[in-house]
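Participant: Provided herewith is a single structure, encoded as C-alpha coordinates, for subsequent inquiry.
The values are calculated or read from the model by the stated rules, or taken from the named source; none is laboratory data. All values reported here derive from a predicted model rather than from experimental measurement. When we count neighbours, we look across all protein chains shown, and the Cβ atoms used for this are built from the backbone with ideal geometry, even at glycine. In case anyone asks, the SASA skips ligands and DNA or RNA and just uses the protein heavy atoms, side chains included. Shrake-Rupley method; radii C 1.70, N 1.55, O 1.52, S 1.80 Å.
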Amino acid sequence: AVVSTQSTGDKETNEMTLRPAALINLKPYVRSYDEEEQRVSSLTYGEKYKQLAMKFGDSRIQKTIRGKDRIRDMESNTLDEAMQEAVVSVDTANLTKQTDLNHNDVLPPMNTNAKDLNDVFLITDLISESEITALAPFTAVIRECTQVHVNAWKEQNKYPGFMLSRIPVVMDDDHMAHLYLSELLYISNLITLLKLPRKSLSHKKTNFPNTPSVVIDSIYKKFTSQGQHEGKIRTSMSDKQRNKLICHILALSLIVDKFCVRFEELCKDTGVKSKILADTYRSMGCVINKLKGDREKGQLVAVMKLPVKLPPVVLRKGGKKRE
(Lines give C-alpha, C1' and ligand atoms only; values in the text may rest on other atoms or scores of the structure.)
Protein backbone atom coordinates (compact mmCIF):
# COMPACT_ATOMS: atom_id res chain seq x y z
CA ALA A 1 0.00 0.00 0.00
CA VAL A 2 1.12 3.53 -0.68
CA VAL A 3 0.13 6.66 1.24
CA SER A 4 -0.83 9.39 -1.15
CA THR A 5 -0.51 13.08 -0.38
CA GLN A 6 -2.65 15.95 -1.51
CA SER A 7 -1.20 19.44 -1.95
CA THR A 8 -3.01 22.77 -1.56
CA GLY A 9 -1.59 26.18 -2.27
CA ASP A 10 -2.20 29.73 -1.06
CA LYS A 11 -2.00 32.19 -3.96
CA GLU A 12 -1.58 35.20 -1.66
CA THR A 13 1.32 33.86 0.40
CA ASN A 14 2.67 31.47 -2.29
CA GLU A 15 2.83 28.74 0.36
CA MET A 16 1.97 25.07 -0.23
CA THR A 17 0.64 22.67 2.40
CA LEU A 18 0.81 18.86 2.18
CA ARG A 19 -1.90 16.79 3.87
CA PRO A 20 -2.24 13.00 4.13
CA ALA A 21 -4.80 11.43 1.78
CA ALA A 22 -6.46 8.03 1.50
CA LEU A 23 -4.45 4.85 1.10
CA ILE A 24 -4.05 3.45 -2.41
CA ASN A 25 -3.61 -0.31 -2.78
CA LEU A 26 -1.39 -1.25 -5.73
CA LYS A 27 -1.54 -4.76 -7.17
CA PRO A 28 1.47 -5.89 -9.25
CA TYR A 29 0.78 -7.52 -12.60
CA VAL A 30 3.33 -9.44 -14.63
CA ARG A 31 2.34 -10.96 -17.96
CA SER A 32 2.74 -14.70 -17.69
CA TYR A 33 5.09 -16.58 -19.97
CA ASP A 34 2.19 -18.66 -21.26
CA GLU A 35 0.35 -15.58 -22.52
CA GLU A 36 3.43 -14.22 -24.27
CA GLU A 37 4.22 -17.60 -25.80
CA GLN A 38 0.65 -17.91 -27.06
CA ARG A 39 0.77 -14.46 -28.63
CA VAL A 40 4.07 -15.15 -30.40
CA SER A 41 3.01 -18.61 -31.58
CA SER A 42 -0.06 -17.10 -33.27
CA LEU A 43 2.14 -14.97 -35.55
CA THR A 44 3.05 -16.17 -39.01
CA TYR A 45 6.65 -16.58 -40.11
CA GLY A 46 6.40 -13.37 -42.11
CA GLU A 47 5.05 -11.42 -39.12
CA LYS A 48 7.85 -12.72 -36.88
CA TYR A 49 10.47 -11.82 -39.49
CA LYS A 50 8.95 -8.36 -39.87
CA GLN A 51 9.03 -7.73 -36.09
CA LEU A 52 12.65 -8.80 -35.82
CA ALA A 53 13.66 -6.73 -38.83
CA MET A 54 11.90 -3.61 -37.53
CA LYS A 55 13.61 -4.00 -34.13
CA PHE A 56 17.10 -5.07 -35.11
CA GLY A 57 17.40 -4.49 -38.89
CA ASP A 58 19.28 -1.59 -40.44
CA SER A 59 17.54 1.46 -41.89
CA ARG A 60 17.57 0.06 -45.44
CA ILE A 61 15.67 -3.09 -44.43
CA GLN A 62 13.21 -1.11 -42.32
CA LYS A 63 12.57 1.31 -45.21
CA THR A 64 11.92 -1.63 -47.56
CA ILE A 65 9.42 -3.19 -45.14
CA ARG A 66 7.57 0.10 -44.65
CA GLY A 67 7.42 0.56 -48.42
CA LYS A 68 5.96 -2.92 -48.93
CA ASP A 69 3.37 -2.29 -46.22
CA ARG A 70 2.39 0.98 -47.86
CA ILE A 71 2.00 -0.69 -51.27
CA ARG A 72 0.03 -3.57 -49.74
CA ASP A 73 -2.35 -1.16 -48.05
CA MET A 74 -2.88 0.68 -51.32
CA GLU A 75 -3.42 -2.50 -53.29
CA SER A 76 -5.93 -3.89 -50.83
CA ASN A 77 -8.35 -1.19 -51.85
CA THR A 78 -7.44 -0.86 -55.49
CA LEU A 79 -9.99 -0.96 -58.21
CA ASP A 80 -8.11 -3.75 -59.95
CA GLU A 81 -9.17 -6.37 -57.42
CA ALA A 82 -12.74 -5.14 -57.24
CA MET A 83 -13.04 -5.12 -61.01
CA GLN A 84 -11.60 -8.59 -61.36
CA GLU A 85 -14.11 -9.97 -58.86
CA ALA A 86 -16.99 -8.20 -60.60
CA VAL A 87 -15.98 -9.22 -64.12
CA VAL A 88 -15.33 -12.90 -63.42
CA SER A 89 -18.79 -14.40 -63.75
CA VAL A 90 -17.79 -17.78 -65.17
CA ASP A 91 -17.98 -20.96 -63.14
CA THR A 92 -14.46 -21.28 -61.75
CA ALA A 93 -15.02 -24.96 -61.20
CA ASN A 94 -14.95 -25.41 -64.96
CA LEU A 95 -11.59 -23.68 -65.35
CA THR A 96 -8.77 -26.21 -65.65
CA LYS A 97 -5.07 -25.84 -65.14
CA GLN A 98 -4.52 -26.65 -68.81
CA THR A 99 -6.49 -23.54 -69.77
CA ASP A 100 -4.15 -21.45 -67.62
CA LEU A 101 -1.08 -23.03 -69.15
CA ASN A 102 -2.28 -22.21 -72.66
CA HIS A 103 -2.15 -18.48 -71.85
CA ASN A 104 -5.69 -17.97 -73.19
CA ASP A 105 -6.15 -14.92 -70.99
CA VAL A 106 -2.81 -13.28 -71.92
CA LEU A 107 -1.69 -14.25 -75.41
CA PRO A 108 -3.59 -13.10 -78.50
CA PRO A 109 -5.38 -15.87 -80.42
CA MET A 110 -2.86 -18.12 -82.17
CA ASN A 111 -3.24 -20.94 -84.65
CA THR A 112 -0.52 -23.31 -83.45
CA ASN A 113 -1.47 -25.81 -86.16
CA ALA A 114 -0.81 -23.34 -88.98
CA LYS A 115 1.12 -24.63 -92.00
CA ASP A 116 2.25 -21.10 -92.88
CA LEU A 117 3.65 -18.49 -90.48
CA ASN A 118 1.32 -15.87 -91.97
CA ASP A 119 -1.60 -17.91 -90.65
CA VAL A 120 -0.41 -18.08 -87.03
CA PHE A 121 -1.98 -14.71 -86.19
CA LEU A 122 -5.17 -13.38 -87.75
CA ILE A 123 -4.70 -9.63 -88.08
CA THR A 124 -8.36 -8.93 -87.29
CA ASP A 125 -7.83 -10.61 -83.91
CA LEU A 126 -5.26 -7.92 -83.15
CA ILE A 127 -6.72 -4.93 -85.02
CA SER A 128 -10.39 -4.85 -85.93
CA GLU A 129 -11.52 -3.98 -89.46
CA SER A 130 -13.15 -0.78 -88.20
CA GLU A 131 -9.84 0.31 -86.66
CA ILE A 132 -7.91 -0.45 -89.84
CA THR A 133 -10.43 1.62 -91.80
CA ALA A 134 -10.25 4.51 -89.30
CA LEU A 135 -6.45 4.60 -89.61
CA ALA A 136 -6.55 5.07 -93.40
CA PRO A 137 -6.16 8.90 -93.37
CA PHE A 138 -3.14 8.60 -91.08
CA THR A 139 -1.45 5.86 -93.06
CA ALA A 140 -1.96 7.93 -96.24
CA VAL A 141 -0.02 10.82 -94.70
CA ILE A 142 2.78 8.60 -93.41
CA ARG A 143 3.11 6.87 -96.77
CA GLU A 144 3.97 10.22 -98.35
CA CYS A 145 6.70 10.98 -95.81
CA THR A 146 10.38 11.15 -96.70
CA GLN A 147 13.51 10.52 -94.67
CA VAL A 148 13.51 14.24 -93.81
CA HIS A 149 10.14 13.81 -92.09
CA VAL A 150 11.36 10.69 -90.30
CA ASN A 151 14.43 12.51 -88.96
CA ALA A 152 12.24 15.36 -87.72
CA TRP A 153 9.89 12.91 -85.97
CA LYS A 154 12.90 11.29 -84.30
CA GLU A 155 14.00 14.64 -82.88
CA GLN A 156 10.47 15.34 -81.66
CA ASN A 157 10.06 11.79 -80.22
CA LYS A 158 6.73 11.74 -82.00
CA TYR A 159 6.75 7.99 -82.72
CA PRO A 160 8.62 5.00 -81.27
CA GLY A 161 11.99 4.13 -82.79
CA PHE A 162 10.66 0.70 -83.79
CA MET A 163 8.15 2.40 -86.10
CA LEU A 164 10.41 5.12 -87.47
CA SER A 165 13.14 2.64 -88.41
CA ARG A 166 10.65 0.89 -90.70
CA ILE A 167 9.53 3.90 -92.74
CA PRO A 168 9.46 5.38 -95.39
CA VAL A 169 7.60 2.47 -96.98
CA VAL A 170 8.09 1.53 -100.61
CA MET A 171 5.26 -0.75 -101.73
CA ASP A 172 3.39 -1.00 -105.01
CA ASP A 173 0.31 -2.54 -103.42
CA ASP A 174 -1.74 0.24 -101.79
CA HIS A 175 -3.72 -2.17 -99.62
CA MET A 176 -0.62 -3.94 -98.28
CA ALA A 177 1.07 -0.59 -97.60
CA HIS A 178 -1.99 0.62 -95.67
CA LEU A 179 -2.13 -2.62 -93.65
CA TYR A 180 1.60 -2.49 -92.88
CA LEU A 181 1.42 1.14 -91.70
CA SER A 182 -1.73 0.41 -89.70
CA GLU A 183 0.19 -2.29 -87.83
CA LEU A 184 3.04 0.15 -87.11
CA LEU A 185 0.65 2.89 -85.94
CA TYR A 186 -1.18 0.40 -83.73
CA ILE A 187 2.12 -0.67 -82.15
CA SER A 188 2.86 3.02 -81.53
CA ASN A 189 -0.50 3.50 -79.76
CA LEU A 190 -0.03 0.34 -77.66
CA ILE A 191 3.44 1.49 -76.57
CA THR A 192 1.98 4.88 -75.60
CA LEU A 193 -0.65 3.14 -73.45
CA LEU A 194 1.97 0.86 -71.88
CA LYS A 195 4.16 3.78 -70.79
CA LEU A 196 1.38 5.93 -69.33
CA PRO A 197 1.56 6.57 -65.57
CA ARG A 198 -1.33 4.99 -63.68
CA LYS A 199 -2.73 8.39 -62.74
CA SER A 200 -2.87 9.44 -66.40
CA LEU A 201 -4.80 6.45 -67.72
CA SER A 202 -8.14 8.23 -67.43
CA HIS A 203 -7.19 11.07 -69.80
CA LYS A 204 -7.93 9.34 -73.09
CA LYS A 205 -8.09 12.32 -75.43
CA THR A 206 -5.03 13.97 -73.90
CA ASN A 207 -2.97 10.79 -74.15
CA PHE A 208 -3.97 10.11 -77.79
CA PRO A 209 -4.64 13.51 -79.39
CA ASN A 210 -4.26 12.39 -83.02
CA THR A 211 -5.79 8.93 -82.83
CA PRO A 212 -9.27 7.85 -84.03
CA SER A 213 -11.69 7.38 -81.13
CA VAL A 214 -12.54 3.84 -82.31
CA VAL A 215 -8.87 2.87 -81.81
CA ILE A 216 -8.66 4.54 -78.39
CA ASP A 217 -11.87 2.90 -77.16
CA SER A 218 -10.72 -0.49 -78.44
CA ILE A 219 -7.32 -0.54 -76.75
CA TYR A 220 -8.79 0.78 -73.50
CA LYS A 221 -11.43 -1.94 -73.59
CA LYS A 222 -8.81 -4.65 -74.19
CA PHE A 223 -6.14 -3.60 -71.74
CA THR A 224 -7.74 -1.53 -68.95
CA SER A 225 -10.60 -1.73 -66.47
CA GLN A 226 -13.00 1.00 -65.42
CA GLY A 227 -15.12 1.47 -62.34
CA GLN A 228 -16.15 3.91 -59.65
CA HIS A 229 -13.86 4.71 -56.76
CA GLU A 230 -14.91 7.27 -54.14
CA GLY A 231 -17.56 8.58 -56.50
CA LYS A 232 -15.18 9.02 -59.44
CA ILE A 233 -14.68 6.89 -62.54
CA ARG A 234 -11.21 5.43 -62.38
CA THR A 235 -9.23 3.61 -65.08
CA SER A 236 -6.67 1.01 -64.06
CA MET A 237 -4.40 -1.61 -65.63
CA SER A 238 -3.73 -4.85 -63.78
CA ASP A 239 -0.49 -6.83 -64.11
CA LYS A 240 -2.30 -9.41 -66.26
CA GLN A 241 -3.61 -6.69 -68.57
CA ARG A 242 -0.10 -5.24 -68.81
CA ASN A 243 1.31 -8.63 -69.81
CA LYS A 244 -1.50 -9.01 -72.34
CA LEU A 245 -0.65 -5.58 -73.78
CA ILE A 246 3.03 -6.50 -74.13
CA CYS A 247 2.06 -9.76 -75.87
CA HIS A 248 -0.06 -7.86 -78.41
CA ILE A 249 2.83 -5.50 -79.15
CA LEU A 250 5.18 -8.42 -79.72
CA ALA A 251 2.65 -10.31 -81.85
CA LEU A 252 2.30 -7.28 -84.15
CA SER A 253 6.09 -6.88 -84.25
CA LEU A 254 6.37 -10.48 -85.48
CA ILE A 255 3.88 -9.78 -88.28
CA VAL A 256 5.63 -6.54 -89.28
CA ASP A 257 9.11 -8.11 -89.39
CA LYS A 258 8.05 -11.37 -91.02
CA PHE A 259 8.49 -13.39 -87.81
CA CYS A 260 12.14 -12.45 -87.25
CA VAL A 261 12.38 -9.45 -84.88
CA ARG A 262 15.42 -7.62 -83.54
CA PHE A 263 13.79 -6.27 -80.42
CA GLU A 264 16.48 -3.97 -79.04
CA GLU A 265 14.45 -0.95 -80.20
CA LEU A 266 11.33 -2.30 -78.53
CA CYS A 267 13.22 -2.50 -75.22
CA LYS A 268 14.04 1.21 -75.51
CA ASP A 269 10.56 2.19 -76.69
CA THR A 270 8.63 0.24 -74.04
CA GLY A 271 11.07 0.56 -71.15
CA VAL A 272 10.80 -3.21 -70.63
CA LYS A 273 14.02 -5.15 -70.02
CA SER A 274 15.29 -7.38 -72.81
CA LYS A 275 15.07 -10.47 -70.58
CA ILE A 276 11.36 -9.90 -70.00
CA LEU A 277 10.70 -9.36 -73.71
CA ALA A 278 12.76 -12.46 -74.53
CA ASP A 279 10.74 -14.54 -72.05
CA THR A 280 7.51 -13.18 -73.52
CA TYR A 281 8.59 -14.04 -77.07
CA ARG A 282 9.46 -17.54 -75.85
CA SER A 283 6.03 -17.89 -74.26
CA MET A 284 4.62 -17.24 -77.77
CA GLY A 285 6.64 -20.09 -79.23
CA CYS A 286 9.65 -18.10 -80.48
CA VAL A 287 13.33 -18.97 -80.30
CA ILE A 288 15.78 -16.28 -79.13
CA ASN A 289 19.08 -16.04 -81.02
CA LYS A 290 22.09 -13.75 -80.73
CA LEU A 291 23.55 -12.10 -83.81
CA LYS A 292 27.27 -12.67 -84.43
CA GLY A 293 28.19 -9.98 -86.96
CA ASP A 294 30.67 -7.26 -85.99
CA ARG A 295 28.13 -4.42 -86.14
CA GLU A 296 25.25 -6.44 -84.72
CA LYS A 297 27.08 -8.71 -82.32
CA GLY A 298 25.08 -9.52 -79.20
CA GLN A 299 21.73 -8.21 -80.49
CA LEU A 300 18.82 -10.49 -79.64
CA VAL A 301 16.48 -11.77 -82.33
CA ALA A 302 13.12 -13.47 -81.79
CA VAL A 303 12.38 -16.04 -84.49
CA MET A 304 9.12 -17.95 -84.89
CA LYS A 305 9.32 -21.28 -86.68
CA LEU A 306 6.87 -24.00 -87.64
CA PRO A 307 5.44 -25.93 -85.97
CA VAL A 308 4.63 -23.36 -83.28
CA LYS A 309 5.01 -24.90 -79.83
CA LEU A 310 3.87 -22.99 -76.75
CA PRO A 311 5.86 -23.79 -73.59
CA PRO A 312 3.86 -24.91 -70.51
CA VAL A 313 4.41 -21.68 -68.59
CA VAL A 314 2.39 -18.58 -67.81
CA LEU A 315 3.70 -15.03 -67.49
CA ARG A 316 3.52 -13.38 -64.12
CA LYS A 317 4.30 -9.91 -62.81
CA GLY A 318 7.73 -8.67 -63.87
CA GLY A 319 8.12 -11.36 -66.51
CA LYS A 320 8.48 -14.22 -63.98
CA LYS A 321 7.20 -17.61 -65.01
CA ARG A 322 5.23 -20.26 -63.20
CA GLU A 323 5.22 -23.98 -64.02
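Participant: How large is the accessible surface per residue of segment 156-274, computed with a 1.4 Å probe and reported in Å² as a whole number? Kindly include the intermediate steps, with their values, before the conclusion.
Facilitator: Values: 5850 Å² over 119 residues.
In whole numbers, segment 156-274 has 49 Å² accessible per residue.
Participant: Between Arg262 and Thr112, with labels modelled 7 Å along Cα→Cβ, what's the label distance in nm to one decimal, could you check?
Facilitator: Inter-label distance under the simple model: 3.1 nm.
Participant: Follow-up. Leaving ligands, DNA and RNA out of it, report the carbon-plus-sulfur percent of the accessible area of segment 141-243 at a 1.4 Å probe.
Facilitator: That fraction is 50 percent.
Participant: OK, next. Take Asp239 and Thr146, extend 7 Å from each Cα along the Cα→Cβ direction, and tell me the distance between the two endpoints in nm.
Facilitator: 5.1
Participant: While we're here: May I ask you to derive the FRET efficiency for Leu43 and Ser274 from their Cβ-Cβ distance with R0 = 25 Å, giving the value to the nearest 0.05?
Facilitator: For Leu43 and Ser274, the calculated efficiency is 0.05.
Participant: Subtracting the Cα-Cα distance from 0.36 nm times the residue separation, let me have the gained length for Met54 to Arg282 in nm, one decimal.
Facilitator: 78.0 nm
Participant: Now a separate question. How much length would be gained if the chain were fully extended between Glu129 and Gln156, taking 0.36 nm per residue of separation minus their Cα-Cα distance, in nm to one decimal?
Facilitator: So the extension gain works out to 6.7 nm.
Participant: Any idea of Val170's accessible area? Nearest 10 Å², probe 1.4 Å.
Facilitator: Spelled out: Val170, probe radius 1.4 Å, area about 140 Å².
Participant: With a 1.4 Å probe and all protein chains in place, put Met54, Met163 in order of accessible area, largest first. Could you put the intermediate results ahead of the total?
Facilitator: Details: Met54 70, Met163 5 Å².
Listed by decreasing accessible area, they come as Met54, Met163.
Participant: Can you give the FRET efficiency for Leu122 and Lys232, using 1/(1 + (r/R0)^6), R0 = 35 Å, r = Cβ-Cβ distance, to the nearest 0.05?
Facilitator: Working: r = 38 Å, r/R0 = 1.08.
Given R0 = 35 Å and the Cβ-Cβ separation, E is 0.40.
Participant: In the full protein assembly as shown, how much of Arg242 is accessible to a 1.4 Å probe, in Å² to the nearest 10?
Facilitator: Number for this one is 90 Å².
Participant: With r as the distance between the Cβ atoms of Thr206 and Met176 and R0 = 30 Å, compute the FRET efficiency 1/(1 + (r/R0)^6) and round to 0.05.
Facilitator: E(calc), rounded to 0.05, equals 0.35.
Participant: What length, rounded to one decimal in nm, is gained on full extension from Lys63 through to Thr192, with 0.36 nm per residue of separation minus their alpha-carbon distance? Don't skip to the answer; put the middle values down first.
Facilitator: Details: separation 129, 0.36 × 129 = 46.44 nm, distance 3.24 nm.
Answer, rounded to one decimal: 43.2 nm.
Participant: What net charge do the residues around Asp257 carry, taking every other residue with its C-beta under 12 Å from that of Asp257, with Lys and Arg at +1 and Asp and Glu at -1?
Facilitator: Overall, the nearby charge balance is +1.
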